[in-house]
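Below is one structure, written out as structure tokens; the observations come after it.
The values are calculated or read from the model by the stated rules, or taken from the named source; none is laboratory data. On a predicted model such as this, the values are computed, not experimentally measured, just so you know. Reconstructed Cβ throughout: ideal geometry from the backbone, glycine too, with neighbour counts over all protein chains shown. Surface accessibility is based on the protein's heavy atoms, side chains included, excluding ligands, DNA and RNA. Shrake-Rupley method; radii C 1.70, N 1.55, O 1.52, S 1.80 Å.
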Amino acid sequence: MKAQTHRTDILILGSGGAGLLAALHAKQIAPDVTVTVVVKGLMGKCGCTRMVQGGYNVALAPGDSLERHFMDTIVGGKWLPRQDLAWRLCEGAIERIAELENEIGCFFDRNHDGTLHQKAFAGQSFDRTVHKGDLTGIEIINRLMEQVWASDVARLEEHRAIELIPARDGSGIAGVLLIDMRSGEYRLVQAKAVLLATGGGPTMYLYHTPSGDKTCDGLAMALRAGLNLRDMEMVQFHPTGLLAGPDTRMTGTVLEEGLRGLGGWLVNGAGERFMHKYDPAGERATRDVVSRAIDTEMRAGHTTPMGGVYIQMDHLGPEMVAARFPGMVKRCADSGFDLAGGRVEVVPTAHYMMGGVEFEIDGSTAIPGLYAAGEDCGGVHGANRLGGNGVANSTVYGGIAGESMARWAAERSTWSDCDHTVVEAAIARAEYPFGLAPGDLGALREKLWRTMWDDVGVVRSKRALQRGLASLGEHAAELRAVGLADGDRAFNLTWHDWLNLESLIETSRVIATAALAREDSRGAHFRDDFPDAGDLNTSRYVRVSMTGEQLHLDTVPVDFSIVSPGHSLIDGDAGAPTSVSGGPTQ
Ligand SMILES: Cc1cc2nc3c(=O)[nH]c(=O)nc-3n(C[C@H](O)[C@H](O)[C@H](O)COP(=O)(O)OP(=O)(O)OC[C@H]3O[C@@H](n4cnc5c(N)ncnc54)[C@H](O)[C@@H]3O)c2cc1C
């Protein structure tokens with residue numbers, strides 16, 4: 001099967017905060033370079049940037065500082081973040097929020113004196129989260145989209161990237177192989193620079209928050225291309241995902257943290273308010289602590305009819321709850337629950353992957369011409385992402401990568417030749433299921449969800465992780481035996497489900513392998529056979545790479561290039577962040 005060929009100077013995979021900022025910044029730096037954005041769904045209608053509720057962290061207010069934001073990020077990340085990347089994030093957020101307001105046209109909520117309103121988020125020593133009500137992402141992505149529409153950035157919507165194609169002479173990236181999902185045809189796009197911004201997304205768990213188009217395709221492509229992934233064991237669970245039954249996509253969606261912050265209770269199936277058994281802060285403990293407590297109650301069988309626990313708000317006064325959380329109350333009502341006056345079933349839900357591709361501060365990766373930004377990247381957040389640092393990460397590093405790519409592309413007059421053996425192998429892999437008898441992909445997806453939830457989930461152990469890895473091997477073999485009933489490739493969503501599962505199983509294997517290698521408990525990663533954090537001064541991060549089907553593991557010392565454990569950049573805080581268990585999270 002042949003691929004149609006195209007050319008662009010810069011090719012951007014993904015149209016979230018990272019992809020769109022990259023496109024706009026590339027055009028600012030080098031207006032004559034051609035830029036093309038490829039997206040699996042429709043631009044602005046898919047990915048997680050649109051789903052951002054709470055807001056955007058930036059140190060703006062008097063009394064707050066870059067150093068404070070940085071220290072919160074490092075302590076929250078349990079001393080595993082790469083410090084120069086975390087610093088650049090905090091510094092870049094100040095420039096980027098001004099750009100989003102003044103150049104891109106975002107309206108954020110303001111105080112009476114005209115300054116930006118900044119709200120409190122867990123794990124932060126200052127109120128620094130800029131927001132637009134509780135729908136901040138829609139404001140950001142809609143305004144970004146308008147700017148991209150107004151520019152001469154080309155778009156390939158409903159196009160799925162399936163392989164990063166190296167140059168025939170081995171000098172770096174030469175392009176990307178895509179499937180035009182509308183026609184089912186292959187397209188090979190040659191590019192001088194490529195951005196990986198497909199946004200990770202832990203949708204391999206039974207309960208998850210990200211949009212369904214995110215299936216770790218970028219991470220799977222990066223692995224096959226030989227890049228290192230780091231911190232992949234670090235999957236963040238949000239404690240209160242709505243549990244609305246198996247037949248609705250509302251199950252797993254987030255009921256926001258403010259409910260617990262305001263004084264909401266968590267109650268198990270036996271009617272017992274249980275959080276104070278686990279942490280003196282009760283329901284106001286951090287996300288990882290609350291998720292583990294709920295998981296423990298669930299495993300002990302103290303569950304609600306659908307298998308979770310309840311969140312209860314009525315003791316605060318139904319009218320006040322309805323006034324403070326209209327969106328949450330409506331979301332619950334749509335699923336048949338009364339949040340303001342009754343109890344709602346909730347469950348921890350996989351929310352964010354801190355791990356991803358190892359990248360440099362200018363967005364570059366180990367493959368010349370290939371850049372990465374946003375949730376596809378590892379290293380910025382370490383063991384935990386602070387709420388509000390996710391969209392800051394994607395927009396800050398997206399913009400930086402766009403500028404780097406523009407410079408790179410502007411210096412190159414020609415395109416590299418693609419390695420056609422890689423193109424042909426990728427087409428053969430995508431075509432593989434068409435030759436086989438059809439099977440039940442839905443049942444296989446549910447097995448994957450169960451394996452990751454039960455064995456690689458909130459609380460981990462050597463036995464469970466080994467069992468999980470064995471099951472993942474079986475799921476991979478089962479996928480290889482499942483074919484597609486319909487040979488028509490145009491809008492063949494079953495085919496894309498097959499490809500989604502391939503990426504998810506591959507990435508799940510990496511998560512489980514990294515989790516088995518980390519024999520301590522930090523942030524989002526908790527081992528009940530190794531419950532201690534270990535010595536912070538000798539912290540190491542886990543790196544995974546792949547050749548053929550074989551995964552390779554390495555652990556690498558963390559470089560405390562700016563501040564080391566036991567120290568702080570904040571006057572008067574010196575020595576404060578000495579213990580992982582005592583530090584705040586997200
Ligand atoms: C419910 C929810 C609430 C959140 N709230 C907050 C918050 O309040 N504050 C905060 O900081 N963070 C929040 N986050 C996290 C935040 O959304 C992410 O950190 C950030 O938006 C990621 O941006 P991104 O550009 O890397 O990826 P995304 O915005 O997810 O974009 C990824 C893009 O890649 C595309 N894509 C995927 N695979 C392919 C492929 N194979 N080929 C082509 N395109 C592909 C997708 O379609 C999408 O367009 C939240 C996340 C969720 C799910």
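Key figures
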item	result
Accessible-area order (highest first, 1.4 angstrom probe) of the listed residues GLU502, GLU146	GLU146, GLU502
Most to least accessible of ILE12, ILE367, ILE361 (protein chains only, probe 1.4 Å)	ILE361, ILE367, ILE12
C-alpha center-to-center spacing [segment 389-421, segment 436-492] in angstrom	33
For HIS208, residues with placed amide H under 5 Å, excluding near neighbours	ALA350
Simple label model, 7 Å out from Cα along Cβ direction - ARG168 to ASN102, nm	4.9
Within segment 130-230, trypsin sites (Lys or Arg not before Pro) in DSSP loop having at most 16 other beta-carbon neighbours inside 10 Å	ARG168, ARG182
Solvent accessible area, Å² - ILE311, 1.4 Å probe, full protein context	0
Gyration tensor (Cα) of segment 337-421, equivalent ellipsoid semi-axes in angstrom	38, 14, 12
Cβ-derived FRET efficiency at R0 22 Å, ASP113 paired with LEU569, nearest 0.05	0.15
Neighbour net charge for TRP87 - beta-carbon separation under 15 angstrom, K R +1, D E -1	-4
Heavy-atom accessible area per residue - the chain, 1.4 Å, Å²	36
Rg/Rh ratio calculated on Cα atoms of segment 409-487 (Kirkwood radius)	1.21
DSSP bridge pairs, the chain: antiparallel proportion in percent, nearest 5	65
Potential lengthening between THR5 and HIS315 on full extension [0.36 nm per residue; Cα-Cα distance subtracted]	105.3 nm
Semi-axis lengths (Å, descending) of the ellipsoid that matches the C-alpha gyration tensor of segment 10-49	19, 10, 6
Equivalent ellipsoid semi-axes - Cα gyration tensor, segment 144-286, angstrom	42, 18, 15
Two-site FRET efficiency, GLU474 against LEU42, from Cβ-Cβ distance with R₀ of 35 Å, rounded to 0.05	0.50
Largest-first ordering by accessible area, 1.4 Å probe, given options ILE562, ILE97	ILE562, ILE97
FRET efficiency estimate (nearest 0.05) - Cβ-Cβ, ALA61 to GLU519, R0 56 angstrom	0.85
For SER413, solvent-accessible area (1.4 Å; no DNA, RNA or ligand), Å²	100
Label point distance in nm, LEU262-LEU135, each placed 7 Å from Cα along Cα→Cβ	1.8
Per-peptide average of other Cβ atoms within 10 Å, ordering 278-289, 477-488 highest first	278-289, 477-488
Measure of compaction for segment 288-436 (Cα Rg per 2.2 N^0.38 Å)	1.61
Heavy atoms of ASP127 accessible to a 1.4 Å probe, total area in Å² rounded to 10	80
³J(HN,Hα), Karplus 6.51/-1.76/1.60, whole Hz, each residue of segment 511-524, x for Gly, Pro	4, 5, 5, 5, 5, 5, 6, 7, 9, 7, 10, 9, x, 6
Amide hydrogen neighbours beyond the local backbone of LYS119, cut-off 5 Å, H modeled	ARG128, THR129, VAL130
Size-normalised alpha-carbon gyration radius of the chain, reference 2.2 N^0.38 Å	0.92
Pairwise label distance in nanometres, ALA154 with ARG463, each label 7 Å out on the Cα-Cβ vector	5.7
Sequence-distant residues sharing a close amide H with LEU195 (under 5 Å, placed H)	LEU11, ILE12, LEU13, TYR371
Distance from segment 329-358 to segment 1-61 (C-alpha centre basis), Å	28
Cα-based Lys pair tally, the chain, threshold under 27 Å, eight or more apart or on separate chains	28
Sulfur and carbon atoms: percent of accessible area, the chain [1.4 Å]	51
Structure-based [θ]222 nm, the chain - -39500 (n - 2.57) summed over DSSP H runs of at least 4, per residue, nearest 500	-10500 deg cm²/dmol
Hydrodynamic radius of segment 31-80 per Kirkwood, over alpha carbon pairs, in Å	14.8
Segment 203-326 - Debye-derived log10 I(q)/I(0), Cα point model, q = 0.14, 0.22 Å⁻¹	-0.71, -1.35
Phi-based couplings in Hz for segment 544-549 (Karplus 6.51, -1.76, 1.60; Gly and Pro marked x)	10, 9, 9, 10, x, 9
